[in-house]
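A.B. asks: Below are the structure tokens for one structure; questions will follow.
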Amino acid sequence: MVYYVSSFLNKMKQKIINPYRNGYNHSYKNKDCPFCNEKILKRQAIPDLENNHWHILVNYYPYLDGNIMIVSKRHLLNISSLTAEEWGSLQNMIKQTQKLLTKIFKTESFNIGINIGPYSGATVKHLHWQIIPRMAEVKNGGVINLLSGLQIIKISPQELKERIIKANREE
């Protein structure tokens, strides 16, 4: 299945082949919250990295390899609901996850972002940030993929979780 990650990539004709997004069917209109679901949290969370305010989750429906999320432990819809302590804690989480992903993916380039509200592209009504490492070159199949603007997601969410846990323990 091919997905355009954003209008920016769409303009560049950047296509992503992602077998892990096939099962994703959540929309902003859903009443249930996957980030408040203990079964989902158990599968996706990296407990060694969480703190009092934030979970670190591997994205089981990643946009690109290495896609993780920082998810508020409180069910919040907007950044205006964050306390000063939560903001400070978030900064530390971003630094920590970026450092680990830099080590794993050997890159200094990242997309770090948030979508708030139904018209932003958000599909989950729960405050969270996406952190996505970006590489300078396509490493998923050489010249053919580079010329076609194709990215193939090769790292499974479970493998990513294992790599992050290992890199964190080596720190």
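We did not get these values from a lab; they are worked out from the coordinates using the rules stated. Everything numeric in this text was worked out from a predicted model, so none of it was measured. No Cβ is skipped: glycine too gets one built from the backbone with ideal geometry, and neighbour counts run over all protein chains shown.
A.B. asks: Taking 7 Å along the Cα-to-C-beta vector as the label spot, tell me the Gln91-Glu108 distance in nanometres, rounded to one decimal.
C.D. replies: That separation, rounded to one decimal, is 2.2 nm.
A.B. asks: Tell me, what HN-Hα J-couplings in whole Hz come from the Karplus equation 6.51 cos²θ - 1.76 cosθ + 1.60 at θ = phi - 60° for each residue of the stretch 154-171, using x for Gly and Pro?
C.D. replies: Computed from phi, the couplings for the stretch 154-171 are 10, 9, 5, x, 5, 5, 4, 4, 5, 5, 5, 4, 5, 5, 5, 6, 7, 5 Hz.
A.B. asks: Also, I was wondering about something else. Given the peptides 49-57, 158-166, arrange them by the average over their residues of other C-beta atoms within 10 Å, most packed first. Before the final figure, lay out each step's value.
C.D. replies: Details: 49-57: 18.9, 158-166: 16.2.
My ranking of the peptides, most packed first, is 49-57, 158-166.
A.B. asks: Gain in length, Asn52 to Ala136, computed as 0.36 nm per residue apart minus the alpha-carbon separation, to one decimal in nm? Spell out each step's value before the answer.
C.D. replies: Values: separation 84, 0.36 × 84 = 30.24 nm, distance 3.48 nm.
Full extension of this stretch gives 26.8 nm more.
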